[in-house]
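What follows is a short report on a single structure.
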Amino acid sequence: MNHGFIELKKKVIDRGLCTLCGTCIGICPKGSLTLAYDNDEPQIEQNGTCSSCGLCYKVCPGADIPIPELTEFCFNKKHEVKPDDLGIFSCSSMGFATDHMVRKAGASGGIATALLIYGLETGLIDCALVAGFSEEKPWRTEAKIAITKKELIEASQSKYAPVAVNAMLNEAIKRGFRKIAIVGCPCHIHAIRKLEYQGLRPEIVNKIKLLLGLFCGAQFNFEGTRHVLLEKCGVTDLEDITKIQYRGRSTSGWDSRFVVELNKGERRELQKFDLVFGGLMFFKRDRCAMCIDWSAELADISLADYWGPSINTDDGASYSSILVRSNRGMEWYQEAQKAGCIQVRDSSPEYLIKSSGFETKKHGNAFHLNWRSRHGWPTPDYHYIPNYSPSKW
């Protein structure tokens, strides 16, 4: 029996399990779903006739994510439940984009942007679905279709608010793109893998050439950003904002800052620690607190900040952490390296396991997921019970 949007709303959205990945919008054959806003908080709504085809419910990563099945489907290897779980990967490294502008524009080493630019310039892809900001409301995150180096650079850096990246799938096909890359958080990747696994919408799936997954500790309701803007940055009216960067650079170096530019030429900066732990952390999305995939385990390539041993550089430039997972990811990674687009070196994954992000997702969230389930609260089903035992170093 197929379930239409009414069932998706009842079993996922109204139970607080929607990840806001946007996949239901992006694969609806009738284009009957849209992203609406309530005081700048995004939500999925129906704006057309539903044919009850059931696609939105089948691909949704909100309530049902069969990680073991999807892992074997993607990598032809069994999923293992272990304390140091980072998923399947064949290469762990660290590196940076060799293009200084690309590296400087990124949140860390600019690897994601560099890989996408390489794909565009070699014809491996003709577009990338990425996270950006609205032109009309610059404080609001928005999914984009990037087709130039300039647009990719503009979409660099992390966004600490939900972005329905997968909502652009139908639009990309409609505009005639045939080779698509997607950059997303674990939930975006989960949805695409469910789409592939079930053999749904092949006219979309067959055009997806690369999935770049971003390590993700959580996303935050926009209300958290609003509080930071008003309480810590002195912004009294959102309409005064011309640009926001959650992971911008300071004017004097490489350190990560929350940057707000105003229409009078003013610029406000806030250190990342004050942004996250002094504001956003209190507004973590509840669904994110139940996610146990930190490192985008089903992506072709997973990317993060570098948290390993200190590296001596003349200018303190940033690096990215890289986990290459699939065969097509490895081919892309190696060719980009040969082309001189990225510079990388091997790096032990041990420091990733010792990071606060791992502790948050693989231990804290895993415990809360189990605890909520025991008490009958709405929870996502990952088809396995994670091991959240204390790590032994």
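The values are calculated or read from the model by the stated rules, or taken from the named source; none is laboratory data. Since we're looking at a predicted model, the values are computed, not measured. Here the Cβ positions follow ideal geometry from the backbone for every residue, glycine too, while neighbour counts run over all protein chains shown.
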Cβ pairs under 8 Å, 6+ apart, first in region 166-180 and among the polar types (S, T, N, Q), second crowded, with 18+ Cβ neighbours inside 10 Å and not in a helix (DSSP H, G or I): Asn166/Cys21; Asn166/Gly22; Asn166/Leu129; Asn166/Ala143; Asn166/Ile182; Asn166/Gly184; Asn170/Cys28
Residue ID - nearest to the chain's Cα centre (by Cα), chosen from residues in region 206-231 that are more than 20 Å from Gly132 (Cα to Cα) and either outside the structural domain of Ile301 (by TED's automatic domain parsing) or surrounded by fewer than 17 Cβ atoms within 10 Å (Cβ to Cβ) (or both): Asn206
Hits in region 338-348 (condition: of a type outside the set (Val, Ile, Thr) and crowded, with 18+ Cβ neighbours inside 10 Å): Cys341, Ser347
Test: residue in region 296-311 that is aromatic (Phe, Trp, Tyr) and either loosely packed, with under 13 Cβ neighbours inside 10 Å or assigned to a helix (DSSP H, G or I) (or both): no
Candidate set: region 174-194, residues that are more than 9 Å from the chain's Cα centre (by Cα) and of a type in the set (Gly, Ala, Ser); chosen: the one nearest to Val130 (Cα to Cα): Ala181
Test: residue in region 351-361 that is over 30 Å from Met101 (Cβ atoms), among the basic types (Lys, Arg), in a loop (DSSP other than H, G, I, E, B) and out of contact with any Gly (no Cβ under 9 Å at 6 or more places or on another chain): yes
Selection status of Asp300, charged (D, E, K, R), within 17 Å of Ile117 (Cβ to Cβ) and in contact with a helix residue (DSSP H, G or I) (Cβ under 7 Å, 6 or more places away or on another chain): yes
Cβ-Cβ under 6 Å pairs, at least 6 apart or on other chains, region 207-220 side closer than 21 Å to Met330 by Cβ, far side crowded, with 24+ Cβ neighbours inside 10 Å and charged (D, E, K, R): Leu210/Asp300; Leu211/Asp300
Residue in region 188-203 that is among the charged types (D, E, K, R), assigned to a loop (DSSP other than H, G, I, E, B) and surrounded by fewer than 23 Cβ atoms within 10 Å (Cβ to Cβ) present: yes
Pick from region 4-43, criterion without any contact (Cβ under 8 Å) to a residue 60 or more places away in the chain and in a strand (DSSP E or B), ranking: surrounded by the fewest Cβ atoms within 10 Å (Cβ to Cβ): Asp38
